[in-house]
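Novice: Structure below; questions to follow.
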Amino acid sequence: MIRTGLVVLGAAVVLSGCVRSSYESTPVEVNTAKGKVTCQLYTPERVQWDEAIAKPESMSKREADRICINKGAEQLKAYRAR
C-alpha cells in the first residue's frame, strides 16, 4: 500500500515538471538569411526547451531549433543583466 502511494506520488512529481505549456512565452519571430523562424521560447531557466515551431523549407529543423535556442540564450543574458 505504501509502495503504491510512493509510485503514484513519484509519477505525479515527474509529470508535473513535464507540462511545458505553463512555461511558454508568446512565440517570437527571428529573421535569418534563409527566412523567418518562429520560435516557442520558455522561461529563462528553460532555454534548453526552446524550439522552432515554423521555419523556411530551405532550413532543417535542427538548424531552426539552434536559432531559437540562441535567441533564448540572448534573452537569458538580458534577463540576468537586470
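The values are calculated or read from the model by the stated rules, or taken from the named source; none is laboratory data. Remember, predicted model here, so these are calculated numbers, not experimental data. With ideal geometry, Cβ positions are generated from the backbone for all residues, glycine too; neighbour counts draw on all protein chains shown. Calculation scope for accessible area: heavy atoms of the full protein, side chains included, ligands and nucleic acids excluded. Shrake-Rupley method; radii C 1.70, N 1.55, O 1.52, S 1.80 Å.
Novice: I'd like to check something: does region 30-41 contain any residue that is at pLDDT below 90, assigned to a strand (DSSP E or B), surrounded by 10 or more Cβ atoms within 10 Å (Cβ to Cβ) and under 11 Å from the mean Cα position of the chain (by Cα)?
Specialist: Within region 30-41 (the criterion being at pLDDT below 90, assigned to a strand (DSSP E or B), surrounded by 10 or more Cβ atoms within 10 Å (Cβ to Cβ) and under 11 Å from the mean Cα position of the chain (by Cα)), the answer is no, since none of the residues qualifies.
Novice: Here is a follow-up. Kindly provide the set of residues from region 50-64 that are in a helix (DSSP H, G or I) and buried (at least 17 other Cβ atoms within 10 Å of the Cβ), ordered by number.
Specialist: 64
Novice: Moving on to the next point. Counting only residues that are open to solvent by 80 Å² or more (accessible area, probe 1.4 Å) and touching a residue at least 12 places away in the same chain (Cβ under 8 Å), which one in region 65-82 is nearest to residue 47 (Cα to Cα)?
Specialist: 75
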